[in-house]
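**Student:** Have a look at this one before I ask anything.
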Amino acid sequence: MYVKNANEIFELTPRRATNEATFAIKVKNGTALDYERIKTINFTIVAKEVVKKNPKFTEVPIIVRVLDRNDNYPEFTKSLYEVSVPENCPVGT
């Protein structure tokens, strides 16, 4: 089994099986899954017989939707900020 069109991002474990198998799709390169750059990734999983003459194979299309998560830390221009809040100010001031 192998990943077609996204093998630099995902990998399959295990790569070989006999008859039937449960497998996992693992993220190999998490930096490629940045919501600001890409929202959806389409790729194909290919299962192929390991024989020399006329191997049979099947392909399954996979769609991964990348979710937005706040992965950008706040940046401050100063190292220290000073403010004054009056004791009797209304809520939300």
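**Student:** Inside region 1-12, can you point out the residues that are part of a strand (DSSP E or B) and open to solvent by 50 Å² or more (accessible area, probe 1.4 Å)? Outline the logic, then answer.
**Tutor:** Our first condition is that a residue be part of a strand (DSSP E or B); within region 1-12, this holds for 2-4, 10-12.
Passing the criteria: TYR2, LYS4, GLU11.
**Student:** Continuing with this model, one more query. Take the conditions modelled with pLDDT under 85, open to solvent by 100 Å² or more (accessible area, probe 1.4 Å) and at negative phi and apply them to ARG15. Does it pass?
**Tutor:** Working: modelled with pLDDT under 85: yes; open to solvent by 100 Å² or more (accessible area, probe 1.4 Å): yes; at negative phi: yes.
In short, yes.
**Student:** So which residues in region 35-70 are surrounded by 10 or more Cβ atoms within 10 Å (Cβ to Cβ) and in a loop (DSSP other than H, G, I, E, B)?
**Tutor:** Within region 35-70, TYR35, ILE38, LYS39, GLU49, VAL66 meet the criteria.
**Student:** Go through region 47-84 and count every residue that is out of contact with any strand residue (DSSP E or B) (no Cβ under 6 Å at 6 or more places or on another chain), hydrophobic (A, V, I, L, M, F, W, C) and under 30 Å from PRO14 (Cβ atoms).
**Tutor:** Of region 47-84, the ones out of contact with any strand residue (DSSP E or B) (no Cβ under 6 Å at 6 or more places or on another chain) are 49-54, 56, 66-84.
With hydrophobic (A, V, I, L, M, F, W, C) added as a condition, the list becomes 50-51, 66-67, 76, 80, 83.
Okay, now just the ones that are also under 30 Å from PRO14 (Cβ atoms), so 50-51, 66-67.
Result for region 47-84: 4.
**Student:** Could you list all residues from region 15-34 that are in contact (Cβ under 8 Å) with a residue 24 or more places away in the chain and outside any strand (DSSP E or B)?
**Tutor:** Keep residues of region 15-34 that are in contact (Cβ under 8 Å) with a residue 24 or more places away in the chain, which gives 16, 25, 32-34.
Residues satisfying the conditions are ARG16, ALA32, LEU33, ASP34.
The values are calculated or read from the model by the stated rules, or taken from the named source; none is laboratory data. In this text the structure is predicted, and so the values were computed from the model without any measurement. Here Cβ is always computed from backbone atoms with ideal geometry, including for glycine, and neighbour counts include all displayed protein chains. For the accessible areas, the whole protein counts, side chains as well, though only heavy atoms, and no ligand, DNA or RNA atoms are used. Shrake-Rupley method; radii C 1.70, N 1.55, O 1.52, S 1.80 Å.
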